[in-house]
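*Asks:* Before I ask anything, let me first share the structure, which is written out below as C-alpha cells.
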Amino acid sequence: MRPIILKGKKVSLAILLREDLQESWEWFNDRSTVRHLFNSAHFTLPEEEEEFYEELKKNKDKAPIFAVVENKEGTLVGIAGFNWINWQARWGEILYYLSPEERGKGYGTETVKLLCDYAFTHLNLHKVWAKVHENNLPSIRVLEKNGFSLSGRFREHVWSNGRYLDELIYERFARDYKQRAKTT
C-alpha cells in the first residue's frame, strides 16, 4: 500500500513509486497526451523516465510530483505535481496528466483541486499557474472549474500536428482559494 499525501472523494495524491514508471512512460508517450503537453513530435525514451525518477528523488522538496490513484481500487490513474516552484515569489506551476482510459471521469478536476489544497494549505504558496494549449478544452474546463482565470496568451507559441497553437496561461491565487473555501 502506497502512502497517501492528500485524499479526495474519487482520487488521491500519493507517493510516486519506481514501479509506476513503465505505465507513466506509456501515458506520457501516448499521442493524445503528448500533443497537449508539448507538441506532436515530442517523445521520451524509457531511460528518461528512470532519470526523471532520480531527479524527483533529489528535488522532491523543490518540485513535488505525485501519483494520482483511484481511491476504490488504489490503482494508478495519473501523474500530477509541480513543474517548478519559485520559493521567493511563492508560486508554482502545476502539471497533471491522466491515463487515456481514465479521462472524463472527474479525476482531472479533483486532481487539480488537491494540488491547490497542497499548494495553498501545505506549501503556503501565493499563486499556482498552469500552461494549456488552446485546443485542450477538457484541461481548460478542469482549470476553470477549480477557480483558475485566464491571465495570458502566447500567440502561435506551439507547433503541433501541422499548425501553430496559442499557449494559454491560467492562474489561481491563495486569497481566491481561501475565499472560495469559506463559501463552500
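The values are calculated or read from the model by the stated rules, or taken from the named source; none is laboratory data. Here the structure is a predicted model, which means the values were calculated and not measured. Ideal geometry is used to build each Cβ from the backbone, glycine not excepted, and the neighbour counts take in all protein chains shown. Side chains included, ligands, DNA and RNA excluded: accessible areas come from the protein's heavy atoms. Shrake-Rupley method; radii C 1.70, N 1.55, O 1.52, S 1.80 Å.
*Asks:* Could you tell me which residue out of ALA89, LEU17, PHE173 lies farthest along the dipole of the chain toward its positive end? Charges go on the beta carbon: Lys and Arg +1, Asp and Glu -1, centred on the Cα centre.
*Replies:* PHE173
*Asks:* Report, in listed order, any pair from LYS7/LYS105; LYS9/LYS58; LYS9/LYS178; LYS72/LYS145 with a Cα-Cα distance greater than 27 Å.
*Replies:* Beyond 27 Å: LYS9/LYS58.
*Asks:* Is it possible to state the helix-based mean residue ellipticity at 222 nm for the chain, with each DSSP H run of 4+ residues giving -39500 (n - 2.57), the sum divided by total residues, to the nearest 500 deg cm²/dmol? What is it?
*Replies:* Estimated from H runs of four or more residues: -9500 deg cm²/dmol.
*Asks:* I would also like to ask the following. Rounded to the nearest whole Å², what accessible area per residue is found for the chain with the 1.4 Å probe? Intermediate results must be reported in sequence, preceding the final value.
*Replies:* Working: 10300 Å² over 184 residues.
Ligands and nucleic acids excluded, the figure is 56 Å² per residue.
*Asks:* Something else: With mean projected area of the Cα convex hull in nm² as the read-out, I listed [x] 14.6; [y] 13.7; [z] 10.5; which label goes with the value calculated from this structure?
*Replies:* [z]
*Asks:* For the chain, what % of the accessible area comes from carbon and sulfur atoms, probe 1.4 Å? Numbers along the way, then the final one.
*Replies:* Details: 5330 of 10300 Å².
That fraction is 52 percent.
*Asks:* What is the extension gain from LYS178 to GLU50, computed as 0.36 nm multiplied by their sequence separation minus the C-alpha to C-alpha distance, in nm to one decimal?
*Replies:* 42.3 nm
*Asks:* Which residues' amide hydrogens lie under 5 Å from the amide hydrogen of ASN83, considering only partners 5 or more residues apart or on another chain, with H built in the peptide plane?
*Replies:* It is GLU93, ILE94, LEU95, by chain and number.
*Asks:* Between LYS7 and GLN88, how many nm apart are label points set 7 Å from Cα along the C-beta direction?
*Replies:* Output for this residue pair reads 4.0 nm.
*Asks:* Express the Stokes-Einstein translational diffusion coefficient of the range 94-184 in µm² s⁻¹, to the nearest whole number, given a Kirkwood radius over alpha-carbon pairs, 4 °C and a viscosity of 1.567 mPa s.
*Replies:* Values: Rh = 14.0 Å.
Estimated diffusion coefficient is 93 µm²/s.
*Asks:* Further question: Contour minus end-to-end for LEU21 and GLU167, with contour as 0.36 nm per residue of separation and end-to-end as the Cα-Cα distance? Don't skip to the end; give the middle numbers.
*Replies:* Values: separation 146, 0.36 × 146 = 52.56 nm, distance 2.77 nm.
Additional length available on full extension: 49.8 nm.
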